[in-house]
Amino acid sequence: MASAKQFGDSLSIWPLLVLTSLCLASAGPIVNTFNEGNGGHRLQHLVVDKHSALVYVGGVNRLYQLSPELERQVTVETGPREDSPECPAVDCLGSVLKRPTDNVNKALVIDYTDTRLIACGTLYQGICSVRNLKNISEELMEVREPVVANNSTATTVVFIAPGPPNPPSTHVLYVGVTYTGNSPYRSEVPAVSSRSLARHEMFQIAKMEVTTGTRISVNSLSRDRYPIHYVYGFSSEGFSYFLTTQMRESTNNSPYISKLVRVCQDDRDYYSYTEVPLECVAENGTRYNLIQAAYVDKPGSDLAAELGIRAQDDVLFAVFAQSDPAEGGEMSNRPAPRSALCVYSLKSIRRKFMHNIQKCFSGEGHRGLDFISPSLPCVHTKLQTIGEDFCGLDVNTPLGGGEPVIERPVCTMNNVLLTAVAATSTGDFTVVFLGTSKGHLKKVFYFYFLLLFGNICFFTLF
Ligand SMILES: *[C@@H]1O[C@H](CO)[C@@H](O)[C@H](O)[C@H]1NC(C)=O
Ligand SMILES: *[C@@H]1O[C@H](CO)[C@@H](O)[C@H](O)[C@H]1NC(C)=O
Ligand SMILES: *[C@@H]1O[C@H](CO)[C@@H](O)[C@H](O)[C@H]1NC(C)=O
Ligand SMILES: *[C@@H]1O[C@H](CO)[C@@H](O)[C@H](O)[C@H]1NC(C)=O
């Protein structure tokens, strides 16, 4: 695995690559490697076309298209380009001082409905382009609209799932993005939004009214002191979810926790916007408070039986870390090398959302989420129909549930910071791949291969 060192920084890439190879080669744990050559362009994202098995990789100033055997087919140079934070996304005045600026890939996603690749980078206030999947050097469209984070470290999560105007037949781009500072160009970028994928309104907020629409923002007073870090996003049974780390309260000195953020896909006003804490707590009370990575898939029959669900139901695999005690413990978003894997059924997650929503709609407690809008007492409604599919109303919105989704770790690892997770089921068994970095200076990766047999975890280092 020496070539892993050359593969770059992004820890989320390897397990997926390994998985791809396993699936494609279906013969033992062979791993092809992709060496990007001399430039050392750090790699950020990797996606695999489920039909063609072509692999797309986004890095700093580069996009790559690779064959299923990981041979390089196309390289696109996306930066550096002359840019400035003072420039709007379109038509920058000649008088603004511009510098050669790196373009860090922040999002890479395949739009299967229209067979195209969507790639977004930090340049020009964080814009996206649409490319031909067969040859990504062909740019079909570039839209000068700020969508993703405009700096290299602020988080961005995007995924495509059903959304307005006519879900499930129409799809939109769900975007979760960390606030990166105030400016005329960035302050209108919502924290969470659904953006159109229709040609004539590409990447515009899918539905926009004066006070509502498919978007939600942290209020302008809280933005600078209430960062939300987006870790993962997925779609399941009519809802779109984001996983985040953020402070429990918007007051100073509030501990960091992990949260599930959810909107109903059939909600063009985001009335259904709800947050519920996600916890991974050991038997002895040790909390692994910071989610680092996640993956949603169907379970093998072993895990389905264990979770009491059907093999068709979705399962969320999530790796967590404890906050670094040297940085103030849970007051810090900095992870320590103490990790845990927790596994949740979407069935139990849906139920917990429903309980939190029902509680508020029966008039109990406060709405919460005062970093979005003032937290008012929950309004009692006579509504009898709040089931798991409840899609929101213009009361009790947005809603911050107090009752967390809790699981015990399947495995814990001391002295290790897990930063990636992927899973696959081979019929009966569920195989989980865990990725980790060891040491901040040396880019050496270790990968754990984990078989879940009941509660016992077998690790193989490879
Ligand atoms: C992709 O398109 C470019 C520009 O048209 C062309 O030079 C290149 O040969 C194409 N590559 C592949 C693999 O089709
Ligand atoms: C991102 O945008 C913010 C707000 O405009 C600006 O202050 C910051 O300098 C930008 N970052 C980069 C790397 O351009
Ligand atoms: C990106 O923006 C965030 C939020 O403003 C800031 O904390 C972070 O330091 C910035 N990163 C870089 C590399 O400028
Ligand atoms: C609690 O349990 C975790 C995981 O099993 C273990 O790593 C940790 O050392 C335990 N902590 C205490 C205080 O016993």
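Computed quantities for the displayed model
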{"read-out": "Boolean, ARG195 is part of a loop (DSSP other than H, G, I, E, B), basic (Lys, Arg) and more than 16 Å from ligand 4 (Cβ to nearest atom)", "value": "no"}
{"read-out": "Of all residues in the stretch 401-415 being part of a loop (DSSP other than H, G, I, E, B) and touching a helix residue (DSSP H, G or I) at 6+ places or on another chain (Cβ under 6 Å), the one that is farthest from ligand 4 (Cβ to nearest atom)", "value": "GLY401"}
{"read-out": "Those residues of the stretch 220-253 which are free of Cβ contacts under 8 Å to residues at least 12 places away in the same chain and of a type in the set (Ser, Thr, Tyr), in sequence order", "value": "THR251"}
{"read-out": "Qualifying residue in the stretch 169-176 (condition: within 16 Å of ligand 1 (Cβ to nearest atom) and crowded, with 20+ Cβ neighbours inside 10 Å)", "value": "no"}
{"read-out": "All strands (runs of 3 or more DSSP E) inside the stretch 114-192 with 1 or more residues being acidic (Asp, Glu) and more than 19 Å from the chain's Cα centre (by Cα)", "value": "139-143"}
{"read-out": "Restricting the stretch 162-201 to residues that are among the basic types (Lys, Arg) and away from ligand 2 (no atom under 16 Å from the Cβ), the residue that is farthest from GLY238 (Cα to Cα)", "value": "ARG199"}
{"read-out": "Test result for ALA326, without any contact (Cβ under 8 Å) to a residue 40 or more places away in the chain and either surrounded by fewer than 22 Cβ atoms within 10 Å (Cβ to Cβ) or more than 16 Å from ligand 2 (Cβ to nearest atom) (or both)", "value": "yes"}
{"read-out": "Members of the stretch 141-159 that are more than 10 Å from LYS106 (Cα to Cα) and in contact with a Ser or Thr (Cβ under 8 Å, 6 or more places away or on another chain)", "value": "MET141, GLU142, VAL143, PHE159"}
{"read-out": "Residue check, PRO88 away from ligand 2 (no atom under 16 Å from the Cβ) and either surrounded by fewer than 17 Cβ atoms within 10 Å (Cβ to Cβ) or not aromatic (Phe, Trp, Tyr) (or both)", "value": "no"}
{"read-out": "The stretch 193-206, subset more than 27 Å from THR245 (Cα to Cα) and within 23 Å of the chain's Cα centre (by Cα), residue farthest from ligand 1 (Cβ to nearest atom)", "value": "ALA198"}
{"read-out": "Filter result for the condition that a residue is within 15 Å of VAL343 (Cα to Cα) and modelled with pLDDT of 95 or more, over GLU279, GLU306", "value": "GLU279"}
{"read-out": "Residue list for the stretch 60-84, restricted to those being part of a loop (DSSP other than H, G, I, E, B), buried (at least 16 other Cβ atoms within 10 Å of the Cβ) and within 16 Å of ligand 2 (Cβ to nearest atom)", "value": "ASN61, THR78, GLY79"}
{"read-out": "Hits in the stretch 420-438 - residues which are in a strand (DSSP E or B), surrounded by fewer than 21 Cβ atoms within 10 Å (Cβ to Cβ) and in contact with a strand residue (DSSP E or B) (Cβ under 9 Å, 6 or more places away or on another chain)", "value": "THR424, SER425, PHE429, VAL431, SER437"}
{"read-out": "Which numbered condition ARG334 misses (of (1) more than 24 Å from THR430 (Cα to Cα); (2) charged (D, E, K, R); (3) touching a Lys or Arg at 6+ places or on another chain (Cβ under 8 Å))", "value": "(3)"}
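The values are calculated or read from the model by the stated rules, or taken from the named source; none is laboratory data. Worth saying up front: this structure is predicted, and the values here are computed from it rather than measured. All Cβ positions, even for glycine, are placed from backbone atoms using ideal geometry, and neighbour counts span all protein chains on display.
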